[in-house]
Amino acid sequence: MRPFTKSRFYLQTKSRRTSRWRGLTIMSENVKIPLPRSLQEIAGAMLFASETPLTAGELRAAIKAVEPEEGENAEVMDVYHTCTAREVDEALKGLGKALEVAGCGFELVCSAGAYRIQTVPSCGRYVRALLKLDRPSRLGRASLETLAIIAYRQPLTKSEMEEIRGVDVTANVKTLMDLQLIRLVGKSELPGHPFLYGTTPLFLEHFGLSSLEQLNELDPTLQRSNPRQKAASYKRPETKKTELEVAAEQEAAQKDETEESPGAKPKQAPAVDNVQVELALESEEESVGVTETDAASGASDDPASRSDDFFIDDTPDEFDEEDDDDDDDEKEDGETDEEDHDETSEN
């Protein structure tokens with residue numbers, strides 16, 4: 001017996017003619033099915049009963065399709081009926097954490113935006129033994145390489161795949177098409193309009209991806225032919241600089257900034273105590289006063305130390321002849337004095 005609604009359950013019997021299972025509805029007024037305890041419980045039951053993965057929007061639409069019933073449970077049913085998309089997302093996150101903590105052999109997986117409950121990979125061999133399934137077939141290396149090229153560079157043509165791999169990929173493409181991992185997504189604008197290939201949602205489900213954005217970083221061999229990208233891929237890694245080199249570069253950058261912007265405001269000096277400033281000014285004034293007095297006394301004694309503006313009158317006048325005569329007399333007197341001095345010294 002498998003309960004579905006408040007007062008119904010299905011009894012499955014086998015028909016002799018059709019050899020199929022059919023459900024018989026048996027009504028019972030005495031049976032009371034309790035309401036679900038949370039939105040998380042409802043989402044888990046729907047995903048377990050569904051044969052295909054369900055998106056959050058499909059779950060919300062199915063929950064809202066159940067009309068609230070009259071009675072004591074009307075308020076609780078109305079809460080589930082008016083659930084929002086955010087509440088459904090939170091319920092799915094809580095369901096995934098609950099299954100992980102419980103360790104019951106199930107897990108919630110999101111692939112291509114749809115959710116499903118599946119067995120954990122660690123129990124796969126035991127499930128295959130129970131269902132008597134053969135060992136799953138694996139893709140060959142050539143098929144995996146072709147699939148990787150399509151996944152990273154889709155959409156692309158068969159000739160582009162062959163250009164990258166260097167060999168014919170017709171057999172590999174046919175194998176991937178039969179496994180429904182790739183599909184035709186359109187036609188190219190190149191001459192002949194060849195078909196373009198891309199991945200399918202089954203590809204994401206098979207590799208456990210929610211979107212193509214979760215793929216690893218591109219390999220340089222799979223990138224499109226771009227000289228700049230190729231040059232960047234062959235660059236040597238930069239070595240770490242020492243502290244002295246970094247300091248020298250910073251000083252050079254500061255010098256360049258000052259030369260380029262002469263009108264820039266200089267950096268403000270740190271604040272100085274006012275008392276120290278006053279004492280420094282007084283000492284400078286005293287030193288300036290001393291130097292001024294020394295300069296004045298030296299200038300009065302030595303005419304050569306005077307300023308460059310000292311005026312010398314070289315123009316002849318009427319008193320110059322008298323001055324010359326006086327000078328000649330002084331020279332004669334000096335010569336006579338020297339002669340007298342020599343004579344006295346000889347005596």
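The values are calculated or read from the model by the stated rules, or taken from the named source; none is laboratory data. The structure displayed is predicted, hence computed values, not measured ones. Counting neighbours? That spans all protein chains shown, and the Cβs are built from the backbone with ideal geometry, glycine included.
With A43, A65, A74, A85 as the choices, which residue is outside the structural domain of G208 (by TED's automatic domain parsing) and either modelled with pLDDT of 90 or more or closer than 30 Å to L181 by Cα (or both)?
Only one candidate passes the filter, namely A43.
Only one residue in F207, F195 is within 28 Å of P121 (Cβ to Cβ) and either out of contact with any Cys (no Cβ under 9 Å at 6 or more places or on another chain) or not assigned by TED's automatic domain parsing to the domain that holds V120 (or both). Which one?
F207 is the lone residue from the list that is within 28 Å of P121 (Cβ to Cβ) and either out of contact with any Cys (no Cβ under 9 Å at 6 or more places or on another chain) or not assigned by TED's automatic domain parsing to the domain that holds V120 (or both).
Go over the candidates R224, R228 one by one and state the one that is modelled with pLDDT under 85, more than 30 Å from T52 (Cα to Cα) and assigned to a loop (DSSP other than H, G, I, E, B).
Step by step, each of R224, R228 is checked, and only R224 is modelled with pLDDT under 85, more than 30 Å from T52 (Cα to Cα) and assigned to a loop (DSSP other than H, G, I, E, B).
Would you point out the residue of the range 169-220, among those that are of a type in the set (V, I, T) and assigned to a helix (DSSP H, G or I), that is surrounded by the fewest Cβ atoms within 10 Å (Cβ to Cβ)?
Looking at the filtered set, the residue picked out is T170.
Could you check, for the range 141-148, whether at least one of its residues is modelled with pLDDT of 90 or more, assigned to a helix (DSSP H, G or I) and under 30 Å from L92 (Cβ atoms)?
Scanning the range 141-148 turns up at least one residue that is modelled with pLDDT of 90 or more, assigned to a helix (DSSP H, G or I) and under 30 Å from L92 (Cβ atoms).
Okay, residues lined up against (1) free of Cβ contacts under 8 Å to residues at least 40 places away in the same chain; (2) in a loop (DSSP other than H, G, I, E, B); (3) of a type outside the set (G, A, S); (4) on the phi < 0 side of the Ramachandran plot:
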| residue | (1), (2), (3), (4) |
| --- | --- |
| A43 | no, no, no, yes |
| G57 | yes, no, no, yes |
| V66 | yes, yes, yes, yes |
| D78 | yes, no, yes, yes |
